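No value in this document is a laboratory result; all are computed from the given coordinates. For clarity, every value in this text was computed on a predicted model and none was experimentally measured. Every residue, glycine among them, receives a Cβ derived from its backbone with ideal geometry; neighbour counts consider all protein chains shown.
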Amino acid sequence: MGSCVSCEKGAVGERKKDPAERQSQIAPTASPSEMSRSEVSKGGEHTTFISNHGLRSPSLTYEELDVATERFAQEHFLGKGGFGEVYKGVLDGNHVAIKILNPKGMQGTREFFTEVMVLNRLDHPNLVKLVGYCAEWAQKLLVYEYMPLGSLETHLFDLPPDKKPLDWNTRMKILAGAAQGLQHLHVNTDPPIINRDVKCSNILLGEGYHPKLSDFGLAKLGPTGDDTHVSTRVMGTPGYCAPEYLESGQLTLRSDIYSFGVVILEVITGRRALDQTRSRDERNLAEWATPLINQKEYSILADPALSGQYSKTSLVQALSVAQLCIQKTARQRPLITEVASALSHISSRRSGSSR
Ligand SMILES: Nc1ncnc2c1ncn2[C@@H]1O[C@H](COP(=O)(O)OP(=O)(O)OP(=O)(O)O)[C@@H](O)[C@H]1O
Ligand SMILES: [Mg+2]
């Protein structure tokens, strides 16, 4: 499991928020202290927060979630990310995943409300559903539909010996579905939503490896009118961030395309976006893969765990899509509609040699 590390440290640093950022932030603009006033749950002011923002997802009590997870018992523990711990629970007879905001974590109240506001607006088969949320005093929890096969990350890297690697067709199906989810954010939502944290650990898998994008806590509304980008603090996960976003904090829909290109590479190669255990020139996946694609060294790039069981044509096509997505010049990257349609095409041509 990769933890979301903010890239806002070091050279990039944290800049003062500019008006564009304030306007584009999806989360309510209230300061944390104002938020905690409006969060005082159960009726009263919390109801005001909900009615002010027209939330569909129900507010749940901490007690309900405590019961749902048998007091957050260790056997219900699913994992831990930048937001906090995640537990499996049962609510109204349905399995759910419950994330508890770690008050000391790097992601905080802002991400919590962004997640609630964004997911509340969205309904798509390739986006994880928010079942409800809890904001009682300092306690903040998010409740999602449970995704039984976990994250894509756990199916690609460091597989235990008894776990079968994903076959080629399943990999392409997952990519095609994830692209549909991103397309919904970029194209069908007005204004468009930039996810800002597209990565394998945020692609969750349901029955039959049906993929859904998750984690919208870092999402931003895309530029509107004549604006070409949104200026923002650099947030996201190293290895997935577009170069122009890292350098200048300029965020566009094409920043997500870069990250998605890295995800395509991870799925094809079985290598992590950033792997400090590898030699210097192989550490950054996009930097390692680009010259190999240019030199048409395609088979070197295929995950050895596939044992050669893939269609060469599909491999070349999928690598070509990745290559376009990870171009250094943002304007040259394709739109998500083009990426989604190319991946659907690749996925529909099922490879016979696949396991
Ligand atoms: N809806 C869900 N259904 C099933 N498992 C989930 C669900 N949401 C999260 N998980 C699991 O919980 C663990 C932690 O997820 P979380 O999203 O908090 O962290 P992450 O994605 O690894 O890192 P980040 O904080 O950067 O997103 C992961 O193993 C993930 O697969
Ligand atoms: Mg996640």
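Key figures
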{"item": "When segment 113-165 is reduced to its Cα atoms, the Kirkwood hydrodynamic radius in Å", "result": "13.6"}
{"item": "Per-peptide average of other Cβ atoms within 10 Å, ordering 257-270, 144-157 highest first", "result": "257-270, 144-157"}
{"item": "Burial ordering of 114, 277, fewest other beta-carbon atoms within 10 Å first", "result": "277, 114"}
{"item": "Rough spin-label spacing in nm, given labels placed 7 Å along Cα→Cβ, for residue 294 and residue 309", "result": "3.5"}
